[in-house]
Amino acid sequence: MLLGSATPAFAASEPSTRLVECSTGDCLLVTGRRDDRHAPVSINGHKVAVKGALRWQTRLPVETFRAWSAPNARTVTVSVDGREAEARLPVGMFVRPEELTMLVIRPK
């Protein structure tokens with residue numbers, strides 16, 4: 001009978017994103033977990049300051065994030081201590097309001 005496993009019981013969760021309001025307008029909130037509170041976090045190759053220790057978060061102004069991303073990107077690359085993961089971006093992240101005619105979201 002095996003009591004242990006070669007894989008950790010709790011692997012770091014994948015990062016997630018959502019749009020939120022901040023003092024400069026709209027921001028992209030990126031959240032995630034890390035094993036070491038001092039592990040550096042990068043978004044699309046740019047080191048960012050984060051709040052929190054093991055559960056961290058950072059807010060990026062949408063315009064800054066757009067400058068760091070490919071046009072019409074659907075994911076963001078989040079690096080924690082050199083390990084990269086992809087997080088899906090909110091629907092319509094790169095559509096400017098004047099370009100959006102209609103957005104229909106249906107539950108699965």
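Any read-out appearing in this document is the output of simple, stated calculations on the displayed coordinates, not a laboratory observation. Since the structure is predicted, the reported quantities are computational estimates derived from the model, not experimental observations. Note that each Cβ is placed from the backbone with ideal geometry, even for glycine, and that neighbours are counted across all protein chains shown.
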In region 21-38, residue surrounded by the fewest Cβ atoms within 10 Å (Cβ to Cβ) [restricted to those that are of a type outside the set (D, E, K, R) and outside any loop (DSSP other than H, G, I, E, B)]:
Gly25
Kindly list the number of the only condition in (1) over 11 Å from the mean Cα position of the chain (by Cα); (2) buried (at least 18 other Cβ atoms within 10 Å of the Cβ) that fails for Lys51.
(2)
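Condition check ((1) within 30 Å of Val104 (Cβ to Cβ); (2) among the hydroxyl-bearing types (Ser, Thr, Tyr); (3) in contact (Cβ under 8 Å) with a residue 24 or more places away in the chain) across all residues:
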{"site": "Gly25", "(1), (2), (3)": "yes, no, yes"}
{"site": "Asp35", "(1), (2), (3)": "no, no, yes"}
{"site": "Pro40", "(1), (2), (3)": "no, no, yes"}
{"site": "Lys47", "(1), (2), (3)": "no, no, no"}
{"site": "Ala53", "(1), (2), (3)": "no, no, no"}
{"site": "Pro61", "(1), (2), (3)": "yes, no, yes"}
{"site": "Arg66", "(1), (2), (3)": "yes, no, yes"}
{"site": "Val78", "(1), (2), (3)": "yes, no, yes"}
I need the full set of residues from region 54-95 which are assigned to a strand (DSSP E or B), among the charged types (D, E, K, R) and surrounded by 15 or more Cβ atoms within 10 Å (Cβ to Cβ), in order please.
Arg59
